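Computed from the coordinates by the stated procedures, all read-outs in this text should not be read as laboratory data. The shown structure was predicted, so the numbers you read here are calculated from the model rather than taken from an experiment. Note: ideal-geometry Cβ built from the backbone for every residue, glycine included; neighbour counts use all protein chains shown.
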Amino acid sequence: MAGPLKGIRVLDFGRYIAGPYCAMLLADFGAEVIRIERREGGEDRNVTPITETGEGPMFIGFNRNKKGITLDPAHPDAREIKRRLIASADVVIANLPLDVLTKLELDYESLKAIKSDVIFGRISTYGHEGPYANRVGFDSVIQAMSGAMTLTGTPGMPIRSVVPFEDFGTALHTAFGVMVALFERQKTGRGQIVDGSLLATGMMFMQSLLAERYVLDIVRQQQGNTGYTAAPSDCYKTRDGWVMVAVIGQPMFKRWARLIGRTDLIDDPRCVDDLARGNNAELINAAMDDWISTLTTEEAINQLEAARVPCGKVFQLGEVFDDPQVQARKLFKPLDYPGSAKPVPLAATPVQLSETPGQIRHRAPLLGEHTDKVLSELGFSADEVAAFRQAGVI
């Protein structure tokens, strides 16, 4: 099935997560995405290697459905290759500092001079204005600067999330922006910059807690898994594991109190609303612990589910694949990759369209796997391609 983005060509100069994941989402829905790596391979290709040749699951997962070419964009003889690539593209994705983009002639003005209606998905750590414009950074740096790390974990050292949510969020924001820009181009014929930054994502994701601090000057502290503004909202130990429970709103709280045999809490002034319950979480957690500690994880989940109380087992990584809901929704697709001892489980496209769903069509490219093919399609002869390779351009 041809995806809804069939006919859209995307150049992916991305690395690590934000750029490649953004381009992957476009590729899953049918865009032709060309991943452009350095001749020795991108720095993200070999992160946490799982294959005989060193490819890691991040690279294999985020570069499915893409073609792959090698190119040294700083090489003086690469200019004509870049020109033809850009002229053929609808979208260019890059997550590089502004000074690097300018040096490589991949800034918007350089792109626009070649393709006037090009859409430039420009991803950076801090954004391309302000005193930090040329700083480099990673997800964890913005987790720190957004304030998220000061509230994660238990009192003591600031803790980052193991999930790089600033990277993923920025990729999602940028992919959404690219789609809006493509829609606008259909109407006006104009291209534009789609500017995504990890810092902007961090501010968006933390806006509620930041606003609370600014307006009310409430100083929150690290408190593990315990929610700030509702209870019970925590991780509770059963006889054989852990269960995460989240109760929000008076009707749900009443159902929970009846389930555990603590209807006295319903009219307790310390439990009058979500905020009061959050402020008295120790009281409510103690009641929950008394109830759940006598049950197995399965028993607790069955009873909580029957009372329509949101809950979930805390899985070890190896248990995730066996969950019946994960299997029913086909949330992983095993795909062979050269040098991997087993098929690599790739997460399915996380949003599905009923008529034109995203799909995984083929594996991530080997290093430079499609270089000759892509350059041939751009009009370079076999002799010219050989000369580029000899000169160290590709």
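Can residue 391 be described as over 26 Å from the mean Cα position of the chain (by Cα) and surrounded by fewer than 16 Cβ atoms within 10 Å (Cβ to Cβ)?
So residue 391 passes the test.
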Return the residues of segment 324-336 that are in contact with a Leu (Cβ under 9 Å, 6 or more places away or on another chain) and surrounded by 13 or more Cβ atoms within 10 Å (Cβ to Cβ); say none if nothing qualifies. 332, 333, 335
Which residue pairs have Cβ atoms closer than 7 Å, lie 6 or more positions apart in sequence or on different chains, and pair a first residue in segment 60-78 that is closer than 21 Å to residue 364 by Cα with a second residue that is of a type in the set (Ser, Thr, Tyr) and assigned to a loop (DSSP other than H, G, I, E, B)? 60/337
Please find, among 271, 311, the residue that is farther than 19 Å from residue 235 by Cβ and crowded, with 16+ Cβ neighbours inside 10 Å. 271
Specify the residue that is surrounded by the most Cβ atoms within 10 Å (Cβ to Cβ); the eligible residues are those in segment 366-388 that are more than 22 Å from residue 62 (Cα to Cα) and hydroxyl-bearing (Ser, Thr, Tyr). 376
Using the structure shown, decide if residue 317 is surrounded by fewer than 16 Cβ atoms within 10 Å (Cβ to Cβ), of a type in the set (A, V, I, L, M, F, W, C), out of contact with any Leu (no Cβ under 9 Å at 6 or more places or on another chain) and under 30 Å from residue 332 (Cβ atoms). yes
Need at least 3 residues that are in contact with a Lys or Arg (Cβ under 9 Å, 6 or more places away or on another chain) and in contact (Cβ under 8 Å) with a residue 12 or more places away in the chain per element, so show me which helices (runs of 4 or more DSSP H) inside segment 315-394 make the cut, counting only ones lying wholly within it. 371-377
What's the number of the only condition in (1) within 30 Å of residue 162 (Cα to Cα); (2) of a type in the set (Gly, Ala, Ser); (3) out of contact with any helix residue (DSSP H, G or I) (no Cβ under 7 Å at 6 or more places or on another chain) that residue 241 fails to meet? (3)
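Here is a yes/no grid of residues against (1) over 22 Å from residue 42 (Cβ atoms); (2) hydrophobic (A, V, I, L, M, F, W, C):
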residue	(1), (2)
303	yes, no
307	yes, yes
316	yes, no
323	yes, no
328	yes, yes
338	no, no
353	yes, yes
364	no, yes
367	no, yes
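Quick one: count up the residues across segment 147-199 that are closer than 18 Å to residue 122 by Cβ and surrounded by 14 or more Cβ atoms within 10 Å (Cβ to Cβ).
Matching residues across segment 147-199 total 27.
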Collect the residues in segment 82-118 that are assigned to a helix (DSSP H, G or I) and under 20 Å from residue 15 (Cβ atoms), keeping them in residue-number order. 82, 85, 86, 98, 99, 100, 101, 102, 103, 108, 110, 111
Residue 210 vs. criteria touching a Ser or Thr at 6+ places or on another chain (Cβ under 9 Å), exposed (fewer than 14 other Cβ atoms within 10 Å of the Cβ), of a type in the set (A, V, I, L, M) and touching a residue at least 24 places away in the same chain (Cβ under 8 Å): no
Quick check on my filter: what residues within segment 72-115 are of a type in the set (Gly, Ala, Ser), in contact with a strand residue (DSSP E or B) (Cβ under 8 Å, 6 or more places away or on another chain) and surrounded by 19 or more Cβ atoms within 10 Å (Cβ to Cβ)? 89, 94
Please note which strands (runs of 3 or more DSSP E) are completely contained in segment 155-258 and include at least 3 residues that are within 21 Å of residue 280 (Cα to Cα). 233-237, 242-246
Return only the number of the condition from (1) touching a residue at least 12 places away in the same chain (Cβ under 8 Å); (2) over 25 Å from residue 153 (Cα atoms) that residue 272 does not satisfy. (1)
